Amino acid sequence: MFTLRQYLLTLTDSHGLTRTLGEVELCRDRQGRPLYSIGNSAVVFRIRRDGRIRSLRCYLRRMRHLREIYGDGVLEKELYLYTSSETGVWVDAILGDWIDGATLHEAVAEAALARDTAKLRSLAESFDAVVADDRAHGDLKPANIIVGRDRQLHPIDFDAAFLPAFAGETSPELGTAAYQHPARTAADFNERLDDYPAALISTALHALAEEPTLWERYGTADGLLFSPGKIPGDPAYREVLGLFERRGKAVQYRVAQLLCSPTLQLFGLAELLGEAVRQASIENPSSDDETPELFVKNGRWGYRTPQRTVVPPLYDSGFDFTEGLAAVLLGSTWHYIDTAGRTRLSFPGCEAVKPFRNGRAQVVRSGRRIEIDRAGREFPVPENEFAV
């Protein structure tokens, strides 16, 4: 085991104590204190080298597979640490780029308190894109993601990452409990390692984008909104699931449901995150000449043409498209979606709905039949008119 004090002694006066770096210039704050962050296994120093601000990752204990994970960034036996007044040991370090910005946790807290739904939505969509196309991190959490000045999300700290070459090994750590499945063990070390934290964080981010006040009621210094060990009884979780149902956030609703899985591998998550990324990129509905038709898979309903799936099977029931809209049931709430799968109208509390005809559709609320137009405005049904 190595200590922060040992590294500070070496880096503060590094002459002769580095193998390739030369004399290291530590960046300091206004009070002259070295700038660094410390975690369970490493301390990361902000340094200046060749006129550039860099990060130097130094380990508090010996780590495996650094070369496979970090590639050419690994500096083997780079720093000499004194273990006594007369003896010491050469240890590895990792030189990388320093990313200016806030952690995802800090960015979320700031945006939520400011009720900045646009920023929260952007963070949620960016997170989905990162985890939909990234390696298994092993300790995926908002504190390990930097929101850079370029507004991009940059994952950091890959010490516990899984690569195919590591198959059959045990995990070097179990990740942070606030984001991990309660059943995770060291034996759970494969490409699906991030399923649960990815679903948990995505659910929280999208929920805050819909309702930022959730942060004031449920946000914590360690987690975002949820306590993994308390799902599905967690009040925050129940509230978020109801929020997604009422607002027709079908993908997020299904991702949230996966958090009740007894295993940390969430089957179907990759497809749901892919659909979330697709929906975030949509500007206009599909221009296909063919109207998508209903199909069912595993008890859920979606829409497709002979060429492709247009809306994946996300819904509990549905009607065919008429006049560019289709009525779909999510949980116990009816919505109307367009041919791109975007929710256009929502009717919580309605017992039944009908397709659109001549610009209007009939819905039943509290046993009373009314008509709606495409803007969601409500009209009484003429007494001599009967539903078809």
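Computed about the Cα centre, the dipole magnitude for region 1-112 is approximately 200 debye when only Lys and Arg (+1) and Asp and Glu (-1) carry charge, each at its Cβ. For Ala143, neighbours were defined as the other residues whose beta-carbon sits under 13 Å from its Cβ, and their charges (Lys and Arg +1, Asp and Glu -1) total -3. Amide H to amide H, with H built 1.01 Å from N, Thr322 comes under 5 Å of Phe356, counting only residues 5 or more places away or on other chains. Placing unit charges on each Cβ (+1 for Lys and Arg, -1 for Asp and Glu) gives the chain a dipole about its Cα centre, and among Phe356, Ala280, Cys27 the Cα reaching farthest toward its positive end belongs to Cys27. Taking amide hydrogens as placed 1.01 Å from N in the peptide plane, the amide H of Gly331 sits under 5 Å from those of Asp316, each at least 5 positions away in sequence or on another chain. Across region 88-93, rounded Karplus estimates of 3J(HN,Hα) from the backbone phi angles (6.51 cos²θ - 1.76 cosθ + 1.60, θ = phi - 60°) give x, 8, 8, 10, 6, 8 Hz, Gly and Pro being marked x.
Quick one: net charge around Arg238, please, counting Lys, Arg +1 and Asp, Glu -1 for every other residue with C-beta under 12 Å from its C-beta. My count for the surroundings of Arg238 gives -2. When peptides 166-174, 185-193 are sorted by average Cβ neighbour count within 10 Å, with the highest value leading, the order is 185-193, 166-174. Taking packing as the residue-averaged number of other Cβ atoms within 10 angstrom, the listed peptides 35-45, 229-239, 248-258 run from highest to lowest as 248-258, 35-45, 229-239. Dividing the summed -39500 (n - 2.57) terms of all DSSP H runs of n ≥ 4 by the residue count of the chain sets its mean residue ellipticity at 222 nm at -7500 deg cm²/dmol.
Set the bar at 26 Å for Cα to Cα. Now go through Lys77/Lys141; Lys297/Lys354; Lys119/Lys354 and name every pair that lies beyond it. In this structure, Lys77/Lys141; Lys119/Lys354 exceed 26 Å between Cα atoms. In this Cβ point-charge picture (+1 for Lys and Arg, -1 for Asp and Glu), region 50-155 has a dipole of about 200 debye about its Cα centre. Counting only Cα atoms, region 221-358 measures 50, 32, 28 Å along its principal axes, largest extent leading.
Computed about its Cα centre, the charge dipole of the chain is approximately 560 debye, with only Lys, Arg, Asp and Glu carrying charge at their Cβ. Among residues other than Thr12 with Cβ under 13 Å from its Cβ, the summed charge is 0 (Lys and Arg +1, Asp and Glu -1).
Just how many % of Cα pairs in the chain lie over 36 Å apart, if you round to the nearest whole percent?
37 percent
Here the average projected area of the convex hull drawn through the C-alpha atoms of region 26-158 stands at 10.5 nm².
Rounded to the nearest whole Hz, the Karplus-based 3J(HN,Hα) values (6.51 cos²θ - 1.76 cosθ + 1.60, θ = phi - 60°) of region 39-50 follow the sequence x, 5, 10, 8, 10, 10, 9, 8, 10, 10, 9, 6, with x at glycine and proline.
Close amide-amide hydrogen proximity is noted between Leu75 and Ala93, Ile94, Leu95, each under 5 Å apart and 5 or more residues distant or on a separate chain (H modeled in the peptide plane; Pro and chain starts excluded). For region 265-272, backbone phi angles converted through the Karplus equation (6.51, -1.76, 1.60; θ = phi - 60°) give residue-by-residue couplings of 8, 9, 6, x, 5, 4, 5, 5 Hz, Gly and Pro being listed as x.
Only the coordinates and a few stated rules stand behind these numbers; no lab work does. Keep in mind the model is a prediction, meaning the values are calculated, not measured. In this analysis, Cβ positions are derived from the backbone assuming ideal geometry, glycine residues included, and neighbour counts consider all displayed protein chains.
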